[in-house]
């Protein structure tokens, strides 16, 4: 009988691995599977690829696509031509994407299925290891991360291939959105009781019970959109939220703690994408800051002057809401030596205005704006002296979302003014106002707005816009009303060309 081997070359031990802080490389030769997985470091190395894949969620494609397709973000073409990129950011913002004119859509599709393939590959290997320590829990984690990626797929693309066996080499056909939705639910229900439920440094970055129930809550919250034949699932979402609320997570009194450099200490984070500069970290500072913002902020990086906030979004905030200043970089940027406003290469004050003025727009080109226009992302701490990518982790699920999901379901179920929903809503607002500005009686509109104020830049705006029925609305200054088929992205042309068994979404 042929012996199976695990070949691991240049393994980097990541900081989220249990009891491991050594970042030195460990290089292995060929190791028989029946001799591997006997200690915590070897076990961590087995599942490392699936957790590495989670960083794709906060990667280039998803980050630029979903908030821009909604009404939260914009990446305008700057004076001089930066960020035109063949028009893909214009097509995304204006809802004029096709099957092959926005590489972000193709990139997200590939990120999702590449990550699913990674999960299937690791799962196949682990299932063949008879004596693996903690095997059932490891398998549950892998299936959980795979279910997470199918959740992302169901949200953005709807119907598509359901692939669960790495050994299956046949080209897959498309499954309906209903089938994919029900697959995610069934997977989570199958594994939720096999996952660890501790909330500490050992479980941080893992797919835990808290992550599983948070994902179940998201699935149930959006059931009316993703599986309308099955009806709404407000009670089921509330029940899933209650499980998470019963675990030792904490709504951090200091809102900023969840976004600081060392935010792995935050007990509000349920499931993070873990970033370190050494492993291709969080490049958000580069993506959003003006080229010369580094001088004003004391950074040793060369920013790219890209993504900004949609002005309409920023203007919705209450002026007394501290999250306005915590989330957006607005105003003049000063030279720390002279104290004067920095001048751009075009001789203009480096003053980040909320408004973005597009000049010389045509029928096929949305024009250009001055380089300094637009509020920038400032939600995650950017430390002085930063010389590369950021170390801040990104919370895919955090406790504030659980509070507001439960509040939303209670109001949808019981009507405006639900007392528990009002309490949950005001718990979120309490961190943002001093003196306090509680809501007397929470309405569904209050909850919709609060989600916007709380989760700016956190890639929930598209999903929320769709659920609240605003995604197809006109966005002043950027687009008119959109056709209903824009609620889903198209299956990319590249994927359709490779696999004729796939089905395209209607309208494309």
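Derivation of every value follows stated rules applied to the coordinates shown; laboratory data play no part. Here the structure is a predicted model, which is why all the values come from computation and not from measurement. Cβ placement follows ideal geometry from the backbone for every residue including glycine, while neighbour counts extend to all protein chains displayed.
Remark: the residue 279-residue 164 segment gains 38.6 nm on full extension, using 0.36 nm per residue and subtracting the alpha carbon distance. Ordering 396-405, 103-112 by mean Cβ neighbour count within 10 Å, with the highest value first, yields 396-405, 103-112. Summarising the label geometry, the points placed 7 Å from Cα in the beta-carbon direction at residue 250 and residue 229 lie 4.7 nm from one another.
What FRET efficiency do you get for residue 413 and residue 483 if R0 is 22 Å and r is their Cβ-Cβ distance, rounded to the nearest 0.05?
Details: r = 31 Å, r/R0 = 1.42.
Computed FRET efficiency for residue 413 and residue 483: 0.10.
Averaged over residues, the count of other Cβ atoms within 10 Å places the peptides 57-70, 235-248, 264-277 in the sequence 57-70, 264-277, 235-248, highest first.
Work the Kirkwood hydrodynamic radius out for the chain: mean of 1/r over every pair of different alpha-carbon atoms, inverted, in Å. Intermediate values should be presented prior to the final figure.
Values: mean 1/r = 0.0417 Å⁻¹.
When all Cα pairs of the chain are included, the Kirkwood radius is 24.0 Å.
If you fit an axis through the alpha-carbon atoms of helix 40-54 and take the longest principal axis of the Cα set of the chain, what angle between them do you get, 0 to 90°, nearest 10? Around 40 degrees separate the two axes. Taken along the Cα-to-beta-carbon direction at a fixed 7 Å, the label points for residue 468 and residue 130 span 5.7 nm.
Defining a contact as two alpha carbons under 8 Å apart and six or more residues distant in sequence, what relative contact order in percent does the chain show? Numbers along the way, then the final one.
Details: 899 pairs, mean separation 88.9, N = 508.
Taking the mean separation of contacting Cα pairs over the length of the chain, I get 18 percent.
Taking a ≥ b ≥ c as the square roots of the Cα gyration tensor eigenvalues, with a/c under 1.5 meaning rounded and otherwise prolate when a/b beats b/c, else oblate, which class fits segment 243-319? It comes out oblate by the Cα gyration axes. With one equal scatterer per alpha carbon and no solvent term, the Debye-computed log10 I(q)/I(0) for segment 60-106 at 0.17, 0.30, 0.32, 0.33 1/Å reads -0.42, -1.21, -1.31, -1.35. What is the log10 of I(q)/I(0) for segment 62-140, computed with the Debye formula using one identical point scatterer on each Cα and no solvent, at q = 0.11, 0.22 Å⁻¹? So the normalised log intensities work out to -0.48, -0.96.
Peptides 410-418, 286-294, 128-136, ordered by how many other C-beta atoms sit within 10 Å of their residues on average, highest first, read 286-294, 410-418, 128-136. Within segment 344-359, find all residues whose amide N lies under 16 Å from a label point positioned 7 Å from the Cα of residue 334 along Cα-to-beta-carbon. The answer is 350-352, whose backbone nitrogens lie closer than 16 Å to the label point. Based on the alpha-carbon gyration tensor of segment 360-420 and its eigenvalue square roots a ≥ b ≥ c, which shape applies: rounded if a/c is under 1.5, prolate if not and a/b is larger than b/c, or oblate? Oblate.
Seen from every direction in turn and averaged, the convex hull around the alpha carbons of segment 371-508 projects onto 13.7 nm².
On average over all directions, what projected area in square nanometres does segment 196-351 have, based on the convex hull of its Cα atoms?
Numbers: hull surface 53.4 nm².
Answer in nm², one decimal: 13.4.
The distance between label points at residue 497 and residue 121 comes to 2.4 nm (points 7 Å beyond Cα on the Cα→Cβ vector).
From the largest down, segment 310-361 spans 35, 32, 12 angstrom on the principal axes of its Cα atoms.
Principal-axis analysis of the Cα atoms of the chain puts helix 60-69 at an angle of about 50° to the longest axis.
Can you classify segment 128-241 as rounded, prolate or oblate using the Cα gyration tensor, where a ≥ b ≥ c are the square roots of its eigenvalues, rounded means a/c under 1.5, and otherwise it's prolate if a/b beats b/c and oblate if not? Taking the square roots of the gyration eigenvalues as a ≥ b ≥ c, segment 128-241 is oblate. Computed over all pairs of different Cα atoms, the Kirkwood value for the hydrodynamic radius of segment 425-466 is 11.1 Å. Helix 234-245 and the long axis of the chain differ in direction by around 80°, with both axes built from C-alpha atoms. Dividing the radius of gyration of the alpha carbons in segment 133-188 by their Kirkwood radius gives 1.01 for Rg/Rh.
Report the Rg/Rh value for segment 267-306, based on alpha-carbon coordinates and the Kirkwood definition of Rh. Can you show the working numbers first?
Numbers: Rg = 12.7 Å, Rh = 11.6 Å.
Taking Rh as the inverse mean 1/r over Cα pairs, Rg/Rh reads 1.10.
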